[in-house]
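In what follows, a single structure is set out as structure tokens and then discussed.
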Amino acid sequence: MQTKVKVYRARFGITQEDLAKAVGVRRETIVFLEQGKYNPSLKLAHDIAKTLHAKIDDLFIFENDEPEYETQYILVD
């Protein structure tokens, strides 16, 4: 997983400690999250996005190891 939490946090001048307090986790959680070593729960991702005035998709990029399949549509009359 890649993350842009640090970039968005820096835009607002928020420390790791401040962000951790705002979303109810320890500072170490934010450290690991920013390093891509921790996958947040949906609730935590939502809370961080809300605090940083961003969308979850803008903050977190989840790498997909599975091959992409082409979407096929079948039209039925």
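Brief remarks follow.
- Residue pairs meeting the criteria (Cβ under 8 Å; at least 6 apart or on separate chains; first among the acidic types (Asp, Glu), in the range 44-64; second outside any helix (DSSP H, G or I)): Asp47/Gly24; Asp58/Lys4; Glu63/Met1; Glu63/Gln2
- Candidate set from the range 31-61 (those that are surrounded by fewer than 18 Cβ atoms within 10 Å (Cβ to Cβ) and touching a strand residue (DSSP E or B) at 6+ places or on another chain (Cβ under 7 Å)); member that is farthest from Met1 (Cα to Cα): Glu34
- Total residues in the range 12-25, condition farther than 13 Å from Ala45 by Cβ and surrounded by 11 or more Cβ atoms within 10 Å (Cβ to Cβ): 9
- Selection of the range 1-23 for residues being in contact with a strand residue (DSSP E or B) (Cβ under 7 Å, 6 or more places away or on another chain) and in a loop (DSSP other than H, G, I, E, B) yields only Met1.
- Selection from the range 24-45 of residues that are out of contact with any Pro (no Cβ under 9 Å at 6 or more places or on another chain) and assigned to a helix (DSSP H, G or I): Arg27, Glu28, Ile30, Val31, Phe32, Glu34, Leu42, Lys43, Leu44, Ala45
Every number in this text was worked out from the coordinates using simple rules, so none of it is lab data. Bear in mind the structure is a predicted one, so any value in this text is a computation, not a measurement. In this analysis, Cβ positions are derived from the backbone assuming ideal geometry, glycine residues included, and neighbour counts consider all displayed protein chains.
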